[in-house]
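The values are calculated or read from the model by the stated rules, or taken from the named source; none is laboratory data. For clarity, every value in this text was computed on a predicted model and none was experimentally measured. Ideal geometry is used to build each Cβ from the backbone, glycine not excepted, and the neighbour counts take in all protein chains shown. The area values use the complete protein model at the heavy-atom level, side chains included, leaving out ligands, DNA and RNA. Shrake-Rupley method; radii C 1.70, N 1.55, O 1.52, S 1.80 Å.
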Amino acid sequence: SASLNTMPSANDIRAHIERHLGPIQQVFNQWADESLPISVQHVAPVETRPVHTLVTLGMSARAMAVPAQEESPAFLELMMTLPEHWKLDEESSNDEEWSWPIRLLQTLAYRPHKSAGWLGWGHIVPNGEPPRAAAPTTKQCAALVVPSLLVPTAFYELTTVDKTIAFYAVVPVYEEEWALSRASGTQVLLERIVDHDVNDVLDPKRKNVAKKRFWHF
């Protein structure tokens with residue numbers, strides 16, 4: 001079976017995560033494709049960074065099929081930030097309430113390679129058509145790909161011997177938010193998110209920034 005250590009930049013990525021975010025505490029290895037192992041690295045909360053961080057490792061082993069006219073990174077890894085109370089022990093990794101962010105990262109990391117497509121800044125990927133909730137404990141049903149607001153800017157990119165790898169955050173969004181971005185553009189959704197002080201710490205029950213409030217004339 002394929003080993004992550006056969007990926008030339010695997011050690012570089014691990015070192016990059018540890019340099020900027022903290023020590024990797026555990027690794028989730030449920031990959032869907034033996035020829036392209038993609039694991040999820042877990043950095044546990046510390047006092048200076050009181051959140052869990054999940055980062056994929058292996059998605060950047062292959063370039064994505066970025067169209068020639070797009071100025072977008074061809075090599076990408078994805079990350080999610082979870083609140084301090086989130087459970088990531090072995091027992092919880094079999095419980096859908098806690099394990100869905102890991103599954104979401106895995107699914108998104110494989111997606112461009114399975115579909116000969118790409119993921120880039122501002123892309124929103126629905127969970128099926130029509131979009132289904134990502135887990136029974138949330139109504140969020142699509143994933144927005146944007147740079148994280150919660151990491152040092154030095155973490156955004158890693159240049160190895162042969163490539164530059166970008167690290168983007170995954171922010172789960174509601175169906176109305178996905179619809180807003182389709183109708184009005186991702187920029188409009190991002191402005192709403194910023195206006196409502198939403199960052200990329202996962203909150204399965206956060207406010208829906210696309211819901212119309214009756215006092216907004």
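Summary table
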| item | result |
| --- | --- |
| Long-range neighbours under 7 Å by Cβ, at least six apart or interchain, first residue more than 16 Å from ALA169 (Cα to Cα) within region 194-212, second open to solvent by less than 50 Å² (accessible area, probe 1.4 Å) and charged (D, E, K, R) | ASN208/GLU177; VAL209/GLU177; ALA210/GLU177 |
| Residues within region 28-56 that are in contact with a strand residue (DSSP E or B) (Cβ under 6 Å, 6 or more places away or on another chain), open to solvent by 20 Å² or more (accessible area, probe 1.4 Å) and modelled with pLDDT under 95, tallied | 1 |
| Search result, residues across region 34-51 that are farther than 20 Å from SER93 by Cβ and either of a type in the set (Ser, Thr, Tyr) or touching a Phe, Trp or Tyr at 6+ places or on another chain (Cβ under 9 Å) (or both) | SER35, LEU36, THR48 |
| Scope region 25-62; condition assigned to a loop (DSSP other than H, G, I, E, B), in contact (Cβ under 8 Å) with a residue 60 or more places away in the chain and out of contact with any Gly (no Cβ under 6 Å at 6 or more places or on another chain); matching residues | GLN30, TRP31, ALA32, ASP33, LEU36 |
| When residues of region 81-97 are limited to those that are part of a loop (DSSP other than H, G, I, E, B) and open to solvent by 50 Å² or more (accessible area, probe 1.4 Å), the one nearest to THR53 (Cα to Cα) | GLU84 |
| Residue list for region 153-187, filter: of a type in the set (A, V, I, L, M, F, W, C) and out of contact with any strand residue (DSSP E or B) (no Cβ under 8 Å at 6 or more places or on another chain) | ALA154, VAL161, ALA179, LEU180, ALA183 |
| Some residue of region 174-191 being closer than 26 Å to ALA63 by Cα and open to solvent by less than 10 Å² (accessible area, probe 1.4 Å) | no |
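Yes or no, residue by residue, for (1) open to solvent by less than 10 Å² (accessible area, probe 1.4 Å); (2) assigned to a loop (DSSP other than H, G, I, E, B); (3) among the hydroxyl-bearing types (Ser, Thr, Tyr):
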site	(1), (2), (3)
ALA65	no, yes, no
MET79	yes, no, no
SER99	no, no, yes
LEU108	yes, no, no
LYS114	no, no, no
GLY117	no, yes, no
TRP121	no, yes, no
